[in-house]
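Novice: Starting off with a structure, shown below.
The values are calculated or read from the model by the stated rules, or taken from the named source; none is laboratory data. Because the structure is predicted, anything quoted here is derived from the model rather than measured. We place every Cβ from the backbone using ideal geometry, glycine too, and count neighbours over all the protein chains shown.
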Amino acid sequence: MKHICELFSIQYPIIQGGMGNISNAQLTAAVSKAGGLGTIGCGTMTPEQVEAIILETKDKTHNSFALNIPINVSPYTKEMIQLVLKHNIPIVSLSAGNPAPFIPLLHEKGIKVIAVVASMKQAQKAEAAGADVLVAEGFEAAGINSSLELTTFTLIPQISRHVTIPVVAAGGIGDGQGLAAALMLGAAGVQLGTRLIATKEAPFHSLYKQRLLDAGDTETVILGRSVGQVRRVLKAPYATRIIDLEQSGLASEQYRDMTSEDHHIAGAIQGDVENGFMNSGQVAGLIEHIPTVKELLDGMMNDARKQMEDRLSSFTV
């Protein structure tokens with residue numbers, strides 16, 4: 001745990017996941033100021049849009065933050081790499097594609113590289129390519145997901161036993177118990193996505209936050225299995241429409257159009273559940289309040305310590 005904090009110059013081993021086109025400076029800066037690693041997700045945004053968020057984030061915090069580049073999703077991957085170099089961003093998260101072609105240049109400039117993986121094979125390839133840290137994302141996670149459907153609880157111990165670089169757990173984690181469990185499974189830290197949506201600084205629609213507060217354990221659904229493009233979202237009319245279309249033979253191109261970032265923005269920012277979706281991991285069922293980001297991160301760390309101490313003290317040797 002200490003290693004990842006030193007590596008990224010952060011206080012807590014807690015990373016913000018990339019949030020695609022709903023990424024913003026306000027939440028990214030809040031995470032970094034609270035002691036975690038804030039992250040700007042590029043999604044399908046233009047270089048100009050991402051650069052504006054980078055500059056605003058720098059205005060809001062002097063702490064480290066990362067840029068997440070979804071390699072096969074962004075139309076501007078090479079341009080995003082150039083933005084990293086131009087603005088001296090110290091950490092890059094590479095997801096949704098092969099990170100190997102980009103790591104040598106980033107390392108040459110002294111930039112740390114996180115590779116997001118969803119299987120042992122991907123993890124070993126990313127380590128061999130030179131990644132500094134792995135984020136191993138289980139199927140519980142929100143948004144675009146792996147069709148392999150491996151859970152965090154099984155993924156983390158397998159990967160951490162077979163690689164030598166730090167492994168960060170993602171998917172299904174949103175409190176101190178989850179952090180403690182991830183550390184016990186061999187993780188060096190955790191990545192949060194859904195839990196950060198329900199914070200005071202997160203500039204998302206109030207309906208989105210309320211849906212997370214009200215969510216039960218079965219409140220998320222999987223889209224895209226029929227076309228091999230899996231995404232986890234909250235149950236809602238628009239999501240139900242997509243599922244119904246899948247059952248009648250939805251074409252992959254139509255599915256991509258219906259799950260584009262425009263519809264993501266419609267749901268998350270505008271609260272339009274008739275024409276947009278709200279990404280959510282299964283951790284939604286654990287969300288019961290809307291704290292500040294600092295309250296969330298401080299609370300997670302304090303609770304994780306207490307959980308581990310209490311569990312150990314309940315056993316006699």
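Novice: Could you list all residues from region 22-52 that are closer than 15 Å to Val92 by Cα and of a type in the set (Val, Ile, Thr)?
Specialist: Answer for region 22-52, where residues must be closer than 15 Å to Val92 by Cα and of a type in the set (Val, Ile, Thr): Thr28, Thr39, Ile40, Val50.
Novice: For Met278, only one of the following conditions fails: (1) touching a strand residue (DSSP E or B) at 6+ places or on another chain (Cβ under 6 Å); (2) free of Cβ contacts under 8 Å to residues at least 60 places away in the same chain. What is its number?
Specialist: (2)
Novice: State all residues of region 113-125 that are closer than 16 Å to Ser146 by Cα and surrounded by 21 or more Cβ atoms within 10 Å (Cβ to Cβ); if no residue qualifies, say none. Steps first, answer last, please.
Specialist: Initial filter on region 113-125 (closer than 16 Å to Ser146 by Cα): 115-123.
Within region 113-125, Ala115, Val116, Val117, Ala118, Ala123 qualify.
Novice: Could you tell me whether any residue of region 150-162 is touching a Phe, Trp or Tyr at 6+ places or on another chain (Cβ under 8 Å), farther than 30 Å from Val227 by Cβ and among the basic types (Lys, Arg)?
Specialist: There is no residue in region 150-162 that is touching a Phe, Trp or Tyr at 6+ places or on another chain (Cβ under 8 Å), farther than 30 Å from Val227 by Cβ and among the basic types (Lys, Arg).
Novice: Quick check on this structure: which one of Arg195, Arg225, Arg231, Arg211 is among the basic types (Lys, Arg) and either without any contact (Cβ under 8 Å) to a residue 12 or more places away in the chain or in the same structural domain as Ile14 (by TED's automatic domain parsing) (or both)?
Specialist: Only one candidate qualifies: Arg195.
Novice: Before we move on, is Ile173 touching a residue at least 40 places away in the same chain (Cβ under 8 Å) and part of a loop (DSSP other than H, G, I, E, B)?
Specialist: Yes: the conditions hold for Ile173.
Novice: Looking for whichever is in a loop (DSSP other than H, G, I, E, B), closer than 22 Å to Val73 by Cβ and not β-branched (Val, Ile, Thr) here; the options are Leu148, Leu155, Leu134, Leu196. Which one fits?
Specialist: Selected residue: Leu148, the only one of Leu148, Leu155, Leu134, Leu196 that is in a loop (DSSP other than H, G, I, E, B), closer than 22 Å to Val73 by Cβ and not β-branched (Val, Ile, Thr).
Novice: Looking at (1) at positive phi; (2) modelled with pLDDT under 95, find the lone condition where Asn72 falls short.
Specialist: (1)
Novice: From the list Val167, Val135, Val163, Val190, pick out the single residue that is more than 21 Å from His264 (Cα to Cα), touching a Leu at 6+ places or on another chain (Cβ under 7 Å), in contact (Cβ under 8 Å) with a residue 60 or more places away in the chain and β-branched (Val, Ile, Thr).
Specialist: Val190
Novice: Sticking with this structure for a sec: Please go through region 153-178 and give me each residue that is under 18 Å from Arg195 (Cβ atoms), crowded, with 24+ Cβ neighbours inside 10 Å and over 13 Å from the mean Cα position of the chain (by Cα), ordered by number.
Specialist: If the condition is that a residue be under 18 Å from Arg195 (Cβ atoms), crowded, with 24+ Cβ neighbours inside 10 Å and over 13 Å from the mean Cα position of the chain (by Cα), then Ile156 is the only one that fits.
Novice: If I ask for residues that are in a helix (DSSP H, G or I) and farther than 17 Å from Ile114 by Cβ, which ones from region 68-84 would you list?
Specialist: Lys78, Glu79, Gln82
Novice: A further question on this structure: Out of everything in region 270-296 that is hydrophobic (A, V, I, L, M, F, W, C) and closer than 15 Å to Tyr238 by Cα, what residue ends up being surrounded by the fewest Cβ atoms within 10 Å (Cβ to Cβ)? Give the steps one after another, and end with the answer.
Specialist: Within region 270-296, the subset hydrophobic (A, V, I, L, M, F, W, C) is 273, 277-278, 283-284, 286-287, 290, 293, 296.
From the residues that got through so far, the ones that are closer than 15 Å to Tyr238 by Cα too are 273, 277-278.
Numbers: Val273: 21, Phe277: 27, Met278: 32.
Out of the qualifying residues, it is Val273.
Novice: Quick check on region 79-95. Is at least one of its residues more than 17 Å from Ile144 (Cβ to Cβ) and of a type in the set (Ser, Thr, Tyr)?
Specialist: no
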